[in-house]
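Chemist: Sending over a structure as structure tokens; questions will come in a sec.
The values are calculated or read from the model by the stated rules, or taken from the named source; none is laboratory data. What you see is a predicted model, and the numbers here were worked out from it, not measured in a lab. As a convention, Cβ positions derive from the backbone with ideal geometry for all residues, glycine included, and neighbour counts pool all protein chains shown. Note: accessible area is taken over every heavy atom of the protein model, side chains too, but ligands, DNA and RNA are not part of it. Shrake-Rupley method; radii C 1.70, N 1.55, O 1.52, S 1.80 Å.
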Amino acid sequence: MNSVGPNTSTPGAAEKKDLPPSMVERMTLILDAFDGRASRLTLEEVACRTELPRSTVYRILDQLVRLNWVDHASFGYCLGRRSIGLGGGDNNHSQVRAAAAPLLHNLHVRTGMVVHLTVLDGGMSVYLDKLGGRGATAIPTRVGGRVPAHTSASGKAMLAWLDPEEVDRLLGERLERSTDTTISDITTLHSELNRIRQRRGLAFERGESVRGIGCVGAAVRTVEGPVAGISLSGDAGIVQLERVAPLVVDAVREVTKTMFPALENPRRRSLVPHAHESSWSTETLDQLLAVQSGHWL
């Protein structure tokens, strides 16, 4: 009588034994592979980090994309909108707020304007922080609130550093209007995002989100994409946005240095936009803004 010993195995048994026993555990491994909202990974990178078979990772990622836990675009995979606020997938919000807090305070003290810190959630800008003293009541924004990203300066500043096809996917062709001056079609928006890139990341809006309110913003970013946006807002009929814009640029640069100190290595300075410059003079900024001088100046 033949018997099968306890050590007898069939082909593939070892591989199956090494895999996490449940789908939930495998999904968790994959989501944990992402360091935050700014993290973009290829299929091979996810498989390497999780030590799961590439075919398994592909199948699970496909399901996570369909359920909006993960996004997929030309640059690879990143956390999706349903991952916002979950455990390690808090998209570095706490880190962003901690790094930006003293700089937001300084911006408000120096300008007297309302300061916002925002992040992207799909096609929306989410407010992580707001400073403005008594003047803040004039602007109907709140921490935790959200507005369509294409209507605000900081939102447009962040969108400018996404791939065009990613912008299309997030916003669609028909854009929501907040006021009669809101950009309402995707072609016009892409032209505006191109102008923002030509201005080295500076974005402006006058009454596009809230009537009578002007705003200037810029994005904290790495080569992987936008991490957050910082903006100054005030009465569009009074504030000179082009004069306070350098302060926003400097604040964004300092937050980037705080959050990503490794990027300060001279060999990697290209990862931080214009990290070699200490500040922008008014004359330099005026020349940059001349790209759209007929509209803003």
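Chemist: Give me the percent relative contact order of segment 89-187, please, defined on Cα pairs under 8 angstrom at least 6 residues apart.
Modeler: Relative contact order of segment 89-187: 19 percent.
Chemist: Another question about this same structure. Counting heavy atoms of the protein chains only and a 1.4 Å probe, report the per residue accessible area for segment 102-177 as a whole number of Å².
Modeler: On a per-residue basis, segment 102-177 sits at 44 Å².
Chemist: Convert each backbone phi in segment 177-182 into a coupling constant with the Karplus relation 6.51 cos²θ - 1.76 cosθ + 1.60 (shift: θ = phi - 60°), then list the ³J(HN,Hα) values in order as whole Hz, x for Gly and Pro.
Modeler: 9, 9, 9, 6, 9, 5
Chemist: Quote to one decimal, in nm, the extra length available between Arg243 and Asp32 on full extension: 0.36 nm per residue of separation minus the C-alpha distance between them.
Modeler: Once the chain is fully extended between Arg243 and Asp32, it gains 71.7 nm.
Chemist: Test of understanding: what is the full-extension gain from Tyr58 to Thr42, defined as 0.36 nm times their sequence separation minus their Cα-Cα distance?
Modeler: Residue separation times 0.36 nm, minus the Cα-Cα distance, leaves 4.7 nm.
Chemist: Restricting things to Cα coordinates, could you compute the convex hull volume per residue of segment 152-239 in Å³?
Modeler: Enclosed volume per residue, from the Cα hull, is 86 Å³.
Chemist: Calculate the FRET efficiency for Glu25 and Leu67 from the Cβ-Cβ distance with a Förster distance of 22 Å, rounded to the nearest 0.05.
Modeler: 0.80
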